Amino acid sequence: MSISSSLSRTGVAAWYERRSRRRRSSRGADASLAIGVAIIGIMMLAALLAGVLSPADPIRQDIPNALAPPGTDGHPLGTDALGRDVLTRMLYAARTDLFVAVGAVLLPLAIGVAVGTIAGYRGGIVDRVVTGVVNVVFAFPVMVLLIALVFILGPGIPTIIVAVTLVSWVSYARLARDLVRRERSMDYVLAAKVSGLPTRRILGRHILRNIIAQPVTFAMSDAVAIILFITALGFLGLGVPPPAPDWGTMIADAQPYFTTHWWLAVFPGLAICAAGLGLSLIADGLSQKWNAQ
Amino acid sequence: MTEPLLDVRDLVVTFASGRGWGGDRGRIHAVRGVDFSVRPGEAFALVGESGSGKSTTAKCVVGLQKPTRGSITFAGAPLDPARDHGQRRAIQMIFQDPYSSLNPRMTIGAALIEILRVHRLAAGREAAERRAAELLDLVGMPRSALDQRPRAFSGGQRQRLGIARALAVEPSLLVADEPVSALDVSIQASVLLLLKQLQRELGLTMLFISHDLAVVRQLCDRVAVMADGLIVEEGTVGQVLTEPSADFTRTLLAAATDLPPLDLDLEHRQPKQRSTP
C-alpha cells in the first residue's frame with residue numbers, strides 16, 4: 001500500500017531538503033552579512049560623528065568659494081553652488097536619510113506584520129476586511145496621497161514617515177497574512193492548539209517566529225526603496241525642507257551643474273548606492289541564514 | 001458495561017468545496033453520521049482508506065474541526081469545539097507527520113516547558129525542567145534532547161518527542177492519527193511498542209486512526225471500519241479481522257495481505273518485540 005511511498009516522500013525527501021539547505025548556507029551568508037553590516041555601520045558611525053569628522057557647518061553659505069572642485073583646501077569633496085561643503089552636507093544628510101529610513105521601515109513592518117498575522121490566522125470576515133483595505137491602499141496613487149499629506153501636515157521628517165507608513169504597511173500585511181495562512185494549518189500549530197496554548201501565545205511564540213524572517217528580509221530591501229523614495233521626494237521638493245541636507249535634495253540642487261560640476265551629484269549618488277548595497281547585503285545574508293535554520 | 005469515556009453520536013461533518021456564494025453548491029460530506037464509543041482503558045481503532053473520514057472524525061474529537069451536526073460526549077460532559085481548559089488538556093493528539101508536527105524553531109525543552117507552565121503543571125522553572133526530563137525518559141529519549149531542535153532527530157525520534165508532548169499534560173484520552181505511517185517500517189514497530197507500553201503503564205485510553213490493519217491488530221482491542229464517511233463494521237479486533245462481515249472490510253483485508261513483505265516483517269518481529277523492554 002502507500003506506506004513505503006509516503007515514507008519516501010515525507011521522510012527522506014524532507015530530511016534531504018533540510019540537509020542540503022543547511023549546507024548551502026553558511027559561508028556566503030556570513031560574508032554578505034558582514035560586508036553589509038560593515039557598510040551600514042560605517043555610514044551610521046559617520047552620520048553620528050558628523051560634527052567631529054567635519055567641523056564645517058552644513059548650512060553655512062560661502063558664495064566666494066562656491067563650486068570649488070574636490071581636493072580644494074578645506075573642502076575634500078568640493079563645495080556646492082552656495083559654497084557649502086559637500087562632505088559635511090553628505091554626513092549630515094546621512095543622519096536624516098538613515099534615520100528616516102529606519103523609522104519608515106520599522107513602523108510599517110510592525111503594523112503590517114501585526115495586522116497581517118491576525119487576518120491570516122483569524123480568517124473569515126476579519127481577513128476579508130483587511131484584504132479589502134490592503135487592496136485599496138495598493139491601488140492608491142502614492143504621490144497624490146503624499147502631496148495631500150504634505151499639504152495637511154506640512155513638509156518634514158514626520159510627514160515622510162507617516163506617509164511611507166500609510167502606504168507601505170500593506171506590503172507587510174499581505175506578506176504576513178499569506179505566510180500565516182500557510183503556517184496555521186501546519187501540524188505544529190495544530191499541535192500547539194491541541195496542547196491548549198492560548199491563541200496569543202501560538203501567534204507570538206510559534207507562528208511569528210517561523211514567519212518573521214521573510215518580512216524582516218523584505219524590510220531590509222524595502223529600506224533601499226525607501227531611501228530612494230525619500231531621495232525622490234527631496235528631488236521633487238516634497239522631502240526634508242531646506243536648508244537641512246539630504247542626499248535627494250543635494251542631487252536635485254546639483255541638477256543645473258550635472259555636466260559642469262560632476263561632484264555635486266556623484267558623491268550623494270554614491271552614498272545612496274552604498275546605503276542600498278549595504279542594506280541589500282544584510283537582507284541577503286539574513287534571509288540565507290534564516291532559511292538555513 | 002462501563003460508562004464510555006468518549007461517546008460520539010451521529011457525527012456529521014460537511015465541507016464547502018470551492019468558493020462561491022451559492023449556499024449548497026459543492027458540498028463534501030466527509031463524515032455522514034458516525035456513532036461509536038470508547039471505553040476507559042481500551043485502544044479503539046478507526047480504520048479506513050484515505051478519504052473515508054477517519055481523520056476528520058479524530059479532528060472533531062480533539063477540537064480542531066467543528067462538527068456540522070452530532071454530539072461528542074467526554075467523561076459524561078458534552079464536548080464542543082470551544083471546550084474548557086480541562087477538557088482540552090484531557091484529550092491529546094499524536095500527529096501523522098513527525099517532520100511538521102514539532103515547531104522547528106523551538107528546542108524540545110522549551111516546547112515541553114511551555115506546555116507544562118501554561119497548564120500550571122509544574123511549580124517554577126526548575127520543576128518544569130525536571131518534569132520535561134522525566135517525559136523524555138518515559139518515551140525513551142536521552143535527556144540531552146532538551147537543548148536540541150527537532151531537526152537533530154530522525155522521524156522515529158521525533159514521533160517519540162511528539163508522544164512526550166502529548167503526555168506532558170497527563171491526558172486521559174490519546175488520539176493517534178496514523179502515528180507510524182510516515183515512519184520507516186523497521187521503526188514503526190518500536191514506536192508501536194512504546195505506545196502499547198505507555199497505554200498499559202499509564203492506563204491511557206486510545207483512539208487510534210490507521211489504514212494499516214497489521215498495525216491495528218498489534219495495538220488495539222476494538223476496531224470500527226469506516227468507508228465513505230460511515231462506519232460499516234465494528235467489533236473486537238479478533239472478530240473484525242478474522243471474520244469480517246462487511247464486504248468493504250474484506251476488500252481492505254485483501255489489500256493488506258497483498259503486501260507480503262510488510263506483513264511477514266511485522267509477524268516475524270512480534271516475538272522479538274515482546275522480549276525487548
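Only the coordinates and a few stated rules stand behind these numbers; no lab work does. On a predicted model such as this, the values are computed, not experimentally measured, just so you know. Note that each Cβ is placed from the backbone with ideal geometry, even for glycine, and that neighbours are counted across all protein chains shown.
Using a cutoff of 8 angstrom between alpha carbon atoms and counting only pairs six or more residues apart, the relative contact order for region A:49-97 works out to 36 percent. Of the peptides A:166-175, A:43-52, the order by per-residue mean of other Cβ atoms within 10 Å, starting with the highest, comes out as A:166-175, A:43-52.
Springs between Cα atoms under 10 Å define the GNM used for chain B, and in it the highest mean-square fluctuation of B:75, B:133, B:254 occurs at B:254.
Taking R0 as 45 Å, what FRET efficiency do you get between residue B:39 and residue A:122 from their Cβ-Cβ distance, rounded to the nearest 0.05? My answer for the efficiency is 0.75. Summarising the strand pairing of the protein assembly as shown, around 55 percent of its internal DSSP beta bridges are antiparallel. The listed peptides A:270-281, B:206-217, A:131-142, ordered by packing as a protection proxy, come out as B:206-217, A:270-281, A:131-142 (highest mean of other Cβ atoms within 10 Å first). Label zone of residue B:80 (point 7 Å out along Cα→Cβ, amide N under 20 Å): in region A:190-209 this covers A:194, A:196, A:199. Here residue B:250 and residue B:170 are evaluated by their C-beta separation; at R0 = 45 Å the FRET efficiency comes out at 0.65.
Placing a label point 7 Å from the Cα of residue B:10 along the Cα-to-Cβ direction, the residues of region B:23-55 with a backbone N closer than 18 Å are B:30-37.
Using the Cβ-Cβ distance between residue B:123 and residue A:270 with R0 set to 60 Å, the FRET efficiency works out to roughly 0.45. Remark: C-alpha extents of chain B on the principal axes read 53, 50, 42 Å, sorted largest to smallest. Other protein chain C-beta atoms within 10 Å of residue C-beta, averaged over A:194-206: 5. Structural descriptor for region A:45-292: relative contact order 22 percent, calculated from alpha carbon pairs under 8 angstrom and at least 6 residues apart.
Nearest 10 degrees is fine. How inclined is helix A:213-236 to the longest principal axis of chain A, computing both from alpha carbons? Approximately 30 degrees, to the nearest 10. With 0.36 nm allotted per residue and the present C-alpha distance subtracted, the residue A:200-residue A:144 stretch has 16.4 nm of extension available. Taking the longest Cα principal axis of chain A as reference, the axis of helix A:157-183 is set at about 20 degrees.
The lysines whose alpha-carbon is closer than 28 Å to the alpha-carbon of residue A:193, local same-chain residues fewer than 8 away aside, are B:54, B:59, B:66, B:196.
Across region A:45-292, Cα-Cα pairs farther apart than 30 Å form 39% of the total.
Close amide H pairs (under 5 Å, H built 1.01 Å from N) link residue B:94 with B:175, B:176, B:177, residues at least 5 positions away or on another chain. The share of Cα pairs per 20 Å bin across the protein assembly as shown, counted from zero up to the longest distance, runs 17, 39, 25, 14, 4, 0 percent. Dividing the mean sequence gap of close Cα pairs (under 8 Å, 6+ apart) by how many residues chain B holds gives a relative contact order of 24 percent. With a cut-off of 18 Å on the backbone N, the residues of region A:74-98 near the modelled label site 7 Å out from residue A:61 along Cα-Cβ are A:79-86, A:89.
Counting only alpha carbon atoms, the long axis of helix A:86-122 and the longest principal axis of chain A meet at about 20°.
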